[in-house]
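J.: Below are the structure tokens for one structure; questions will follow.
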Amino acid sequence: MNISFKGAKPDARVYILQIIIVSCMSFSLHNWIAVLALFAIIDLLVLAQMGVWRFFNHIVFYAVLLCLLYGLTMISVPVLSKIFPPFFMFLVRLYPIYMLGSLLIIKAPMNELLFILDRLRIPKTVSIPLAVIYRYIPTILKEVTYVHESLKIRGLNSSLGSILRHPVKSAENILVPLLFRSERISEELSAASLCKGLSTRRQRSCCMKVKFSAVDIFYVIGTVLATGIVIYLNIRL
């Protein structure tokens, strides 16, 4: 019996293409309508891929960033109006790239992503650190939650107010256990990389059937059309 395992759709190469295009566009757009259109198009993709909750969550966070940016720009506050607007501007430009990056991390399986990077002739000095980051960041975020819960069990307050009142003590309570847990995680990642043969020089294989299909072509065409719309808005308006 012939069993075929289909790869995730859209293909990880589609997400990589979208990240490259958005990274180039996000910091080069000068028209705010085009900037908002770029965010809206990516958020619609998030709606299709990850559901309504993430869709509205991104809208709320982006709206807060814009309000802080325009609020500090219009209301002159000593020092703050000079320091924070460039920082919030950078976040507004960076956020669409982050949205696509989170889509890639959540939707593209690790084995398919490494297989695709190998087929694209990406050096292992680049792909392996990306794979480690891919696995490490979600794990370390969970570890932060576990440390926070353990502090609550021990009766140690780790709220924002407590951190602001006692920054040195709070940093010690959080960072020391986190560093010990990070050491264990790094050892587990090293063992997993050896077991998966990341150090071998041979070409990777994948049990999934990774190839472009009609769905991926549809996404690529949609990406090209969306790029054209944003560029048109940026030039004409």
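The values are calculated or read from the model by the stated rules, or taken from the named source; none is laboratory data. Note that this is a predicted model, so its numbers are computed, not measured. Note that we place each Cβ from the backbone using ideal geometry, even for glycine, and neighbour counts take in every protein chain shown. Side chains included, ligands, DNA and RNA excluded: accessible areas come from the protein's heavy atoms. Shrake-Rupley method; radii C 1.70, N 1.55, O 1.52, S 1.80 Å.
J.: When LEU69 is evaluated against the numbered criteria (1) modelled with pLDDT of 90 or more; (2) among the aliphatic types (A, V, I, L, M); (3) over 20 Å from TYR219 (Cα atoms); (4) buried (at least 16 other Cβ atoms within 10 Å of the Cβ), which criterion, by number, is the only one it fails?
T.: Going through (1) modelled with pLDDT of 90 or more; (2) among the aliphatic types (A, V, I, L, M); (3) over 20 Å from TYR219 (Cα atoms); (4) buried (at least 16 other Cβ atoms within 10 Å of the Cβ) one by one, LEU69 breaks only (1).
J.: Against the conditions (1) closer than 25 Å to ASP216 by Cα; (2) open to solvent by less than 80 Å² (accessible area, probe 1.4 Å), where does TYR98 fall short? Just the number, please.
T.: So the condition that TYR98 fails would be (2).
J.: Looking at this structure, is VAL92 among the hydrophobic types (A, V, I, L, M, F, W, C), open to solvent by 50 Å² or more (accessible area, probe 1.4 Å) and either modelled with pLDDT of 75 or more or in contact with a Ser or Thr (Cβ under 6 Å, 6 or more places away or on another chain) (or both)?
T.: no
J.: Provide a single number: the residues in segment 107-117 that are touching a helix residue (DSSP H, G or I) at 6+ places or on another chain (Cβ under 7 Å) and open to solvent by 30 Å² or more (accessible area, probe 1.4 Å).
T.: Adding up the residues that qualify gives 1.
J.: Out of segment 135-152, which residues are of a type in the set (Ser, Thr, Tyr) and touching a residue at least 24 places away in the same chain (Cβ under 8 Å)?
T.: Within segment 135-152, TYR136, THR139, TYR146, SER150 qualify.
J.: What is the number of the single condition among (1) aromatic (Phe, Trp, Tyr); (2) closer than 19 Å to ALA34 by Cα; (3) surrounded by fewer than 16 Cβ atoms within 10 Å (Cβ to Cβ) that TYR62 does not meet?
T.: (3)
J.: Moving on to the next point. Since PRO85 meets every condition but one in (1) closer than 27 Å to GLY228 by Cβ; (2) in a helix (DSSP H, G or I); (3) open to solvent by less than 80 Å² (accessible area, probe 1.4 Å), which condition does it not meet?
T.: (1)
J.: Just to be sure I understand the filter: pairs with C-beta atoms under 7 Å, separated by 6 or more residues or on different chains, first member in segment 57-79 and farther than 23 Å from ALA40 by Cβ, second member part of a helix (DSSP H, G or I) and open to solvent by 60 Å² or more (accessible area, probe 1.4 Å). Which pairs pass?
T.: Partner pairs satisfying both residue conditions: LEU72/LEU80; LEU72/PHE84.
J.: Another question, if that's okay. With the condition kept exactly as written, say whether any residue in segment 30-37 is touching a helix residue (DSSP H, G or I) at 6+ places or on another chain (Cβ under 9 Å), under 30 Å from TYR136 (Cβ atoms), open to solvent by less than 60 Å² (accessible area, probe 1.4 Å) and in a helix (DSSP H, G or I).
T.: Checked segment 30-37: no residue is touching a helix residue (DSSP H, G or I) at 6+ places or on another chain (Cβ under 9 Å), under 30 Å from TYR136 (Cβ atoms), open to solvent by less than 60 Å² (accessible area, probe 1.4 Å) and in a helix (DSSP H, G or I).
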